[in-house]
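Some notes on the structure that comes next.
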Amino acid sequence: MSSGNRSEEAVDVQKSYEVRTYGCQMNVHDSERLSGLLEDAGYVRAPEGADGDADVVVFNTCAVRENADNKLYGNLGRLAPMKTKRPGMQIAVGGCLAQKDRDTIVKRAPWVDVVFGTHNIGKLPVLLERARIQEEAQIEIAESLEAFPSTLPTRRESAYAAWVSISVGCNNTCTFCIVPALRGKEKDRRTGDILAEIEALVAEGVSEITLLGQNVNAYGSDIGDREAFSKLLRACGKIEGLERVRFTSPHPRDFTDDVIAAMAETPNVMPQLHMPMQSGSDRILKAMRRSYRQERFLGIIEKVRAAMPDAAISTDIIVGFPGETEEDFEQTMHAVREARFANAFTFQYSKRPGTPAADMDGQIPKEVVQERYMRLSALQEEISWDENKKQVGRTLEVMVAEGEGRKDGATRRLSGRAPDNRLVHFTQPEQPVRPGDVVTVEITYAAPHHLLAEGTPLAVRSTRAGDAWEKRTTAAAKPAGVMLGLPTVGAPAPLPAASAPACGIG
């Protein structure tokens, strides 16, 4: 049976799919590609809240957390009786945990039909078809990248904001991180291919892109060009219609002065930086195999603020790494006070099976880790609030989002992101406004995690991104007999605030 016939058959019977994503931005980006591949093969997206009630359920997994496998097998167990009642239903498991555990998944959950790895997500439709025809599980784990995720079909979750992968893999050897073992050594994408994708996205109405890489500012290591990333940022500045450029996550080791200059001198590169610190203790940083020390990290922040005084800087911090003493922890607290992060994603250390840190001496008791975590969280909450209060009275351009404000319906407000990525809730203007449009507001109140603009917006600017959102939602709402839910619109999801460091990024 040809792939074309498969697509027609899938549409005829309206085979549906659901993709469940765990972990980092790289996984979110991969899941957009998995959705695109399935739709290209003739499947339609199951309605929101399907909760496994689909013909194909795909788990895109993460291996960062110690209990990641328990979470997966628990979810798989809940689907087993559903699959028994639904003939033809298929379950696929991909991502980092699949790359790590391979055939173990099918042994523990024999009702799984397909297991695929981080390097061969493009094979999912073929593997599903093969499993259906052969009536046996298909396990295929590639050892090296077959295609950059961005070259595959996509179903983007946002009409105006998009991820663009510039590299995959990581050459670092951080002792808490399993990513290099699962995603391989760093491989950079050609600059021309990256810019061509961005230009195509802008032509579709996208106005904000986030450059994505496990160690994004090491871009160019393949060709030995240490300034390749800053050159890429400057090239993005020449793309007409591209309003906002962000990137995540950089590593302090590769954060050179030319990158700071490119950020400051390229108008559409936003004054925002998320750079993982992980610890403020030089001794712990050495044990983590992080190639910088506190002085170097704080020095970068000082240079960034000198070039961009309004920049919002955020970070990742691990509390309770093996061997961390009270003195080490106080060094982290000191670094946080000095850095004055806009926000920090703080994590309690948990063992990652397969990492050197999991076998280190000096594992910290959970109650000690929890107590330190609470102290650090309280300090950062205070700093975040103080930094947000400095925004009161400022006039900001906010790009409107959907789904960012949980109380917007009750408060008759809308929500969006300022250039520095701060979340802003604002009074709904009298004229129509759409996600992707830009609203100018004056900040009147600050909370630790958001800003509020209570007055009438000063201006509303309709954008091509807003047009793209309107066209997309109108098309999705038309009764075409296809099981497509309304798209989730908004900026790519921010880093999780209560889980492990995002897939080791940074």
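The values are calculated or read from the model by the stated rules, or taken from the named source; none is laboratory data. From a predicted model like this one, the values you see are computed outputs, not experimental measurements. Cβ sites come from the backbone with ideal geometry, for glycine too, and all protein chains shown count toward neighbours. We work out accessible area using only protein heavy atoms, side chains counted, and drop any ligands, DNA or RNA first. Shrake-Rupley method; radii C 1.70, N 1.55, O 1.52, S 1.80 Å.
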- Task: Answer with yes or no whether Val400 is modelled with pLDDT of 95 or more and outside any helix (DSSP H, G or I).
- Result: yes
- Item | Any pair with Cβ under 9 angstrom, 6 or more apart, that starts in region 187-201 at a residue that is of a type in the set (Asp, Glu) and open to solvent by 20 Å² or more (accessible area, probe 1.4 Å) and ends at one that is part of a helix (DSSP H, G or I) and at pLDDT 95 or above | Asp188/Ala228
- Message: Conditions first: (1) crowded, with 23+ Cβ neighbours inside 10 Å; (2) of a type outside the set (Phe, Trp, Tyr); (3) modelled with pLDDT under 95. Asn343 passes all but one, so which condition is the exception?
- Response: (3)
- Based on what the data block shows, is Lys286 in contact with a helix residue (DSSP H, G or I) (Cβ under 6 Å, 6 or more places away or on another chain), open to solvent by 10 Å² or more (accessible area, probe 1.4 Å) and not in a loop (DSSP other than H, G, I, E, B)? no
- Just a yes or no: is a residue in region 95-118 under 28 Å from the mean Cα position of the chain (by Cα), touching a residue at least 40 places away in the same chain (Cβ under 8 Å) and farther than 20 Å from Cys170 by Cβ? no
- Note on the structure: Over region 25-58, the set of residues open to solvent by 10 Å² or more (accessible area, probe 1.4 Å) and among the β-branched types (Val, Ile, Thr) is Val28, Val44
- Which of the residues belonging to region 206-234 are in a helix (DSSP H, G or I), open to solvent by 40 Å² or more (accessible area, probe 1.4 Å) and closer than 20 Å to Lys187 by Cβ? Lys231
- Within the set of pairs 6 or more residues apart or between chains, which connect a residue that is farther than 15 Å from His450 by Cβ inside region 382-410 to a residue that is open to solvent by 60 Å² or more (accessible area, probe 1.4 Å) and among the acidic types (Asp, Glu) with Cβ atoms less than 6 Å apart? Thr395/Glu442
- Message: Pairs please, first residue from region 343-355 and closer than 23 Å to Trp385 by Cβ, second anywhere and open to solvent by 20 Å² or more (accessible area, probe 1.4 Å) and part of a loop (DSSP other than H, G, I, E, B), Cβ atoms under 6 Å, 6+ apart in sequence or on different chains.
- Response: Phe345/Leu495; Phe345/Ala497
- Message: at pLDDT below 95 and either closer than 21 Å to Ser31 by Cα or crowded, with 20+ Cβ neighbours inside 10 Å (or both): which single residue out of Ala500, Ala480 fits that description?
- Response: Ala500
- Task: Could you grab me the full set of residues in region 424-445 that are in a strand (DSSP E or B) and surrounded by 20 or more Cβ atoms within 10 Å (Cβ to Cβ)?
- Result: Val424, His425, Phe426, Val438, Val439, Val441
- Message: Name the residue that is most open to solvent (accessible area, probe 1.4 Å), counting only residues in region 235-274 that are closer than 16 Å to Asp310 by Cα and assigned to a loop (DSSP other than H, G, I, E, B).
- Response: Pro267
- Message: Among the residues of region 277-299, are any touching a Gly at 6+ places or on another chain (Cβ under 7 Å) and within 16 Å of Phe345 (Cβ to Cβ)?
- Response: no
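Matching residues to (1) touching a residue at least 60 places away in the same chain (Cβ under 8 Å); (2) touching a Phe, Trp or Tyr at 6+ places or on another chain (Cβ under 7 Å); (3) not hydrophobic (A, V, I, L, M, F, W, C):
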| position | (1), (2), (3) |
| --- | --- |
| Leu232 | yes, yes, no |
| Val259 | no, yes, no |
| Met263 | no, no, no |
| Arg293 | no, no, yes |
| Arg296 | no, no, yes |
| Lys303 | no, no, yes |
- Message: Checking the structure you have, find out if any residue of region 98-116 is within 18 Å of Ala50 (Cβ to Cβ), among the aliphatic types (A, V, I, L, M) and touching a Lys or Arg at 6+ places or on another chain (Cβ under 8 Å).
- Response: no
- Item | Among the residues listed as Val168, Val164, Val179, the single one being in contact with a strand residue (DSSP E or B) (Cβ under 9 Å, 6 or more places away or on another chain) and either aromatic (Phe, Trp, Tyr) or open to solvent by less than 10 Å² (accessible area, probe 1.4 Å) (or both) | Val164
- Query: Name the pairs whose Cβ atoms lie under 7 Å apart, with the first residue in region 420-434 and within 30 Å of Ser314 (Cα to Cα) and among the polar types (S, T, N, Q), the second in a strand (DSSP E or B) and open to solvent by 30 Å² or more (accessible area, probe 1.4 Å), and 6 or more positions between them or separate chains?
  - Reply: Asn421/Gln272; Thr427/Arg413; Gln428/Arg413; Gln428/Leu414
- Being on the phi < 0 side of the Ramachandran plot and open to solvent by 10 Å² or more (accessible area, probe 1.4 Å) narrows Pro322, Pro353 down to just Pro353
- Message: Quick check on this structure: which one of Arg412, Arg372 is out of contact with any Lys or Arg (no Cβ under 8 Å at 6 or more places or on another chain) and buried (at least 18 other Cβ atoms within 10 Å of the Cβ)?
- Response: Arg372
- Query: Here are some residues: Thr104, Thr61. Which one is crowded, with 23+ Cβ neighbours inside 10 Å, among the β-branched types (Val, Ile, Thr) and under 19 Å from Arg352 (Cβ atoms)?
  - Reply: Thr61
- Residues of region 13-70 being at pLDDT 90 or above, aromatic (Phe, Trp, Tyr) and in a loop (DSSP other than H, G, I, E, B), in sequence order, are Tyr43
- Taking Ala335 as the residue in question, decide whether it is open to solvent by less than 70 Å² (accessible area, probe 1.4 Å) and in contact (Cβ under 8 Å) with a residue 60 or more places away in the chain. no
